[in-house]
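The values are calculated or read from the model by the stated rules, or taken from the named source; none is laboratory data. All of these numbers come straight from a predicted model, not from anything done at the bench. Every residue, glycine as well, gets a Cβ built from its backbone with ideal geometry; the counts of neighbours run over all protein chains shown. In case anyone asks, the SASA skips ligands and DNA or RNA and just uses the protein heavy atoms, side chains included. Shrake-Rupley method; radii C 1.70, N 1.55, O 1.52, S 1.80 Å.
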Amino acid sequence: VGNYKRTVKRIDDGHRLCNDLMNCIHERARIEKGYAQQLTEWAKRWKQLVEKGPQYGTVERAWCAFMSEAEKVSELHLEVKGSLMNEDFEKIKNWQKEAFHKQMMGGFKETKEAEDGFRKAQKPWAKKLKEVEAAKKAYHAACKEEKLAISRETNSKADPALNPEQLKKLQDKVERSKQDVLKTKEKYEKSLKELDNATPQYMENMEQVFEQCQQFEEKRLRFFREVLLEVQKHLDLSNVASYKNIYRELEQNIKTADAVEDLRWFRANQGPGMSMNWPQFEEWSADLNRTLSRREKKKASDGVTLTGINQTGDQVSQPNKHSSSVSVQSNTVQSVQSSYNPFEDEEDTGSTVSEKEDNKIKNVSSYEKNQSYPTDWSDEESNNPFSSTDANGDTNPFDEDTPPTMEVRVRALYDYEGQEQDELSFKAGDELTKMENEDEQGWCKGRLDNGQVGLYPANYVEPIQ
């Protein structure tokens, strides 16, 4: 009696499982969206670096084909995200709403119907079972009383001080006990027989309600299987024709890379094959050939803006795509830094501190490779205020105002649990080392005593005096 509650609970479990499946699909959709965004950002940044870099010709086109591949794959993963949320997620949500109906007093209508059905089917049998239990209890009590009466009678026979009248009462007690045993036994057997007769009908009624619950659960199980198959189709890009075409096209672009063709192009445009401008006799002209004095040269160089200076200090850049400027690369680094927001949810691309540092290094190193070379020559290098003996850019005259990073020991005021991979977790009272000062968003970079480096909220700690 009452064991049907496991079947009734399964209905509530079915509603909760719908929520679990929707959460599962939602998290996968966020992963697909984040991956697509990271691919797009990666492709945009590296396409810019390769186009401005020293690579040329067919190999450059083959290299850029990887960025085109990333952009196309990013679009496919955004389509996967859209299918998961707009089709699968919504389908489960609508089915759950149609299958489970909430009541005003809480719970679901389907759960209450199953509960009432089982209770109604079990009520007559449970009533007879209660009668059987009562009859059994009465019979066992009568048997116990009979045994006690017989024991008293047997003991009284051995007692010479007991008068015949008292002995007669004990014997009468034994007789009454035997009669009670017979009556209660008969009643017990009768109620048990009635229970046995009611059992088939009871089993039929209970099984009927149980089958209704089985049918309801079968609909949910079949629906889940159907949805999971649709999710599998949306995730399986191996059967998408456009996905295969992306890599077929990528392979073709790579195979078109021709070293001989690139060397021929470089010879024709940058080597002996390029058009020469040999010195020729020129007539003097006061307007066209006015020369600059050393003082005028110096003034002209003083007027050059930062965006027109390359890192090697060359005053004239090559008029082609290989020329670059400090301002362009600085913007590139700044865009990488600003692309990370620890408070973002679905828009968060999941980049870590180490990844941001790598991005800075990649941008700077690419800029070093993009140095342009002078088209003229001069033995008056001392006239260039930006020239330096350090040609590799190890020292930068513009970094003089940058304050050195000071490491400070701080103590945690509150518990903090890191929400992202690049965040630290600590308890109130823990000590750590602050490595960088607070940024505009209120975050500091620090290091725990176990060596872990990451971000933490600046207002969660205080300096150790």
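Taking Cβ atoms as reference points and 9 Å as the exclusive limit, the residues near R411 contribute a net charge of -2, counting Lys and Arg as +1 and Asp and Glu as -1. Once the Cβ-Cβ distance between Q214 and Q270 is put in as r, and R0 is 56 Å, what FRET efficiency do you end up with, to the nearest 0.05? Given R0 = 56 Å and the Cβ-Cβ separation, E is 0.10. A 1.4 Å probe run over the protein chains yields, for the stretch 412-465, 60 Å² of accessible area per residue, whole-number rounding. Under Stokes-Einstein, with the Kirkwood radius over Cα pairs as Rh, the value for the stretch 17-169 at 20 °C and 1.002 mPa s is 88 µm²/s. Starting from the 7 Å offset along Cα-to-Cβ, what nm value, one decimal, do you get for the label separation of E440 and E87? The two pseudo-label positions are separated by 4.1 nm.
Size descriptors for the stretch 407-461, from the alpha-carbon set: Rg then Dmax equal 9.7, 27 Å. Apolar share of the accessible surface for the stretch 107-208: 54 percent from carbon plus sulfur atoms, 1.4 Å probe. With all protein chains in place and a 1.4 Å probe, the accessible surface of the stretch 407-461 carries 39 percent carbon and sulfur.
Here the stretch 107-208 is treated as an ellipsoid with the same Cα gyration tensor; its semi-axes, largest first and in whole Å, are 49, 13, 7.
Heavy atoms only, probe 1.4 angstrom, no DNA, RNA or ligands counted: give me W46, W265, W443 ranked by accessible area, highest first.
Output order, biggest surface exposure first: W265, W46, W443.
Ranked by the mean number of other Cβ atoms within 10 Å per residue, highest first, peptides 271-280, 80-89 order as 80-89, 271-280. 3J(HN,Hα) couplings calculated from phi for the stretch 59-67 with the Karplus curve 6.51 cos²θ - 1.76 cosθ + 1.60 (θ = phi - 60°) are, in sequence order, 5, 4, 5, 5, 5, 5, 4, 5, 5 Hz; Gly and Pro show x.
The separation of the stretch 211-271 from the stretch 157-198, counted between C-alpha centres, amounts to 88 Å. Label-to-label distance, R225 versus K427, with points set 7 angstrom from Cα along the beta-carbon direction: 5.0 nm.
The stretch between K102 and W278, if pulled fully straight at 0.36 nm per residue, gains 54.3 nm over its current Cα-Cα span. Averaged over its residues, the stretch 1-124 has an accessible area of 57 Å² per residue, based on protein heavy atoms and a 1.4 Å probe. Expressed to the nearest 5 percent, the antiparallel share of DSSP beta bridges inside the stretch 407-461 is 95 percent. Near Y56, no amide H atom lies under 5 Å from its own; only residues 5 or more places off or on other chains count, and H is placed 1.01 Å from N. Counting only protein heavy atoms and using a 1.4 Å probe, the accessible area of S151 comes to about 50 Å².
Just need the relative contact order of the stretch 107-208 here, percent rounded to a whole number, with Cα pairs under 8 Å and 6+ apart.
Once normalised by length, the contact order is 47 percent.
For the cross-link pairs K52/K244; K9/K81; K147/K187, the ones whose C-alpha atoms lie over 26 Å apart are K52/K244; K9/K81.
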